[in-house]
Amino acid sequence: MVLMTRVDCRLLHGQTAVSWTSGLGADCILIANDSVATDDLRKTTMKLAKPAGAKLVIKNIEDSITALKSGVTDKYKLFIVVESIEDAAKLALAVPAVDKVNLGLVKAKEGTRNISKSINVLPKEEALIREMADAGIEVEIRQVPNDKKINAVNAL
């Protein structure tokens, strides 16, 4: 069961590993990221940040979609972490079980617009947020589980 998909440019770190995993009651974390899946140093770093008692799986985006669709993840209370809004949209639009996307940290870069204290989006990312929402996917902004949910579309 997919509990939530979080967009966080830092991927797995203290806030994600501890606050979100325990707040959601997740027993498995899926890092869905093309570059981490092929980078042994980053994989090792992610494994060190993994909370005790939770399984950690690292796959590229396409393999993540395949695994989620196949049902092999159904036995887990799954928390998915991606690095970008684009990756979240690829997963959410391809996998019906991915129905909640949390925007946690998207750094400012050239061409972005700030929509909350930790979320900066490009025009193409705004379009992806709207596309996900139009497809019935809840897209919300929260840094930690106890924060008040902000509807991402309303923040645009």
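Annotation: lysines with alpha-carbon distance below 19 angstrom to Lys43 (same-chain offsets under eight excluded): Lys55, Lys59.
Could you calculate the FRET efficiency of Cys9 with Leu156 from 1/(1 + (r/R0)^6), where r is the beta carbon distance between them and R0 is 22 Å, rounded to 0.05? After rounding to 0.05, the efficiency reads 0.70. Looking at the stretch 62-111, the trypsin sites (Lys or Arg not before Pro) that sit in a DSSP loop and have at most 16 other Cβ atoms within 10 Å of their own Cβ are Lys75, Lys77, Lys107, Lys109. With point charges of +1 on the Cβ of Lys and Arg and -1 on the Cβ of Asp and Glu, referenced to the Cα centre of the chain, which listed residue (Leu11, Asn146, Ser70) lies farthest in the positive direction of the dipole? The residue sitting most towards the positive pole is Asn146.
Give the calculated FRET efficiency between Val18 and Thr44 to the nearest 0.05, with a Förster radius of 25 Å applied to their Cβ-Cβ distance. Once the sixth-power term is evaluated, E becomes 0.85.
The mean of 1/r over all pairs of different alpha-carbon atoms in the stretch 8-48, once inverted, gives a Kirkwood hydrodynamic radius of 10.9 Å. Taking 20 °C and 1.002 mPa s as conditions, the chain diffuses translationally at an estimated 139 µm²/s according to Stokes-Einstein applied to its Kirkwood radius (Cα pairs). With Cα atoms as the point set, the radius of gyration and Dmax of the stretch 53-125 evaluate to 13.9, 41 Å.
Just Gly71, Gly104, Gly23 to compare: in a GNM of the chain, with alpha carbon springs under 10 Å, which one fluctuates most? Of Gly71, Gly104, Gly23, the Gaussian network model singles out Gly71 as fluctuating most. Relative protection proxy for 116-124, 80-88, from highest mean packing down: 80-88, 116-124 (other beta-carbon atoms within 10 angstrom).
The numbers here are math on the coordinates, done by the rules we state, and not lab data. Note that the structure is a prediction, hence the values are computed from the model and not measured. Heads up, the Cβs are rebuilt from the backbone with ideal geometry, glycines too, and the neighbour counts pull from every protein chain shown.
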